[in-house]
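Shown next, in structure tokens, is the structure this report addresses.
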Amino acid sequence: MINRREALKRTALAATALTASAAWKVVRAQNAPPVPPAPAPTGPFQLPPLPFAADALEPAIDAQTMTIHHDRHHAAYVAGLNKAVTEAPELASRSVEDLLRYLDTVPEKVRTAIRNHGGGHFNHSLFWQMLKKNVGTGPTGALAQAIARSFGSLANFQAGFSKAALSVFGSGWAWLTLDGKTLKIETTPNQDSPLTHGRTLLLGVDVWEHAYYLKYQNRRADYLAAFHSVINWDFVATRYQAALA
Ligand code: MN
């Protein structure tokens with residue numbers, strides 16, 4: 001039996017929980033993703049919504065490519081990661097960053113799955129945020145100075161970045177990373193993440209064919225030229241400053 005005071009307390013708690021839940025729904029509605037919702041997550045890792053409408057980067061990246069890339073490919077990496085952690089449940093409470101950064105601490109039976117699907121999830125989660133339409137001509141501030149210092153000029157950086165991205169044989173990524181305090185252009189095969197090599201990811205371009213084939217077919221160079229017009233340099237600069245701080 002509960003006494004009256006206890007009953008009142010429980011009612012008040014229930015009311016508070018209901019209010020919080022209702023408020024959450026309002027926030028969710030206002031921030032609803034502009035693309036159809038992804039399938040319900042079946043594990044601890046979840047597909048983040050695209051931070052823009054699927055057609056926001058037209059014509060550089062077309063809406064159909066963006067939708068399939070996010071709703072199918074990225075979702076498949078999340079599903080694969082969730083499946084992997086069902087085989088090693090002790091990993092489910094760790095962040096994907098932590099799993100990739102300390103990949104050698106992941107049990108061997110799921111290490112390849114975490115590397116591929118965890119890498120795919122992490123790389124794509126950042127990739128969406130690295131993109132934005134009408135972002136001006138390039139980086140500003142400390143990042144602009146660092147790029148000029150490291151590569152000579154923004155144009156040199158762009159050329160070097162595209163050259164690296166073109167050099168990826170098959171599927172992979174090209175990156176602008178921070179190795180300590182040094183800016184580097186690097187590439188990784190498949191979904192390997194520079195995070196596993198101790199790098200900070202600043203900017204990346206996905207050169208898997210699924211990222212461009214519908215619109216550009218085999219013209220990866222044209223995709224890369226367009227990519228340079230939709231880089232969210234504010235996001236890259238914020239990551240640069242956070243890494244140096
Ligand atoms: Mn991709």
Violations at 27 Å Cα threshold for listed pairs LYS109/LYS163; LYS184/LYS215; LYS133/LYS184; LYS109/LYS132; LYS132/LYS215; LYS83/LYS133 -> LYS109/LYS163; LYS184/LYS215; LYS109/LYS132; LYS83/LYS133
Note, the stretch 97-105: 3J(HN,Hα) by Karplus (6.51, -1.76, 1.60, θ = phi - 60°), whole Hz, Gly/Pro = x, goes 4, 5, 4, 6, 5, 10, 4, 6, 8
Out of TYR213, GLY152, VAL230 - ranked by how far each Cα lies towards the positive end of the dipole of the stretch 140-245, with unit charges on the beta-carbon of charged residues - the top one is GLY152
The stretch 141-244, Kirkwood Rh and Cα Rg, ratio Rg/Rh at 0.96
The percentage of the accessible area of the stretch 63-129 (probe 1.4 Å, all protein chains present) made up of carbon and sulfur atoms, to the nearest whole number, is 51 percent
Diffing the stretch 75-89: the Karplus 3J(HN,Hα) column from phi (6.51, -1.76, 1.60, θ = phi - 60°), in whole Hz with x for Gly and Pro, holds 4, 5, 5, 4, 4, x, 5, 4, 5, 4, 6, 6, 7, 9, x
Dividing the alpha-carbon radius of gyration of the stretch 63-129 by 2.2 N^0.38 Å, where N counts its residues, gives 1.12
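The values are calculated or read from the model by the stated rules, or taken from the named source; none is laboratory data. Being a predicted model, the structure only gives us computed values, none of them experimental. When we count neighbours, we look across all protein chains shown, and the Cβ atoms used for this are built from the backbone with ideal geometry, even at glycine. To get the accessible areas, we keep the full protein, side chains included, count just its heavy atoms, and leave off ligands, DNA and RNA. Shrake-Rupley method; radii C 1.70, N 1.55, O 1.52, S 1.80 Å.
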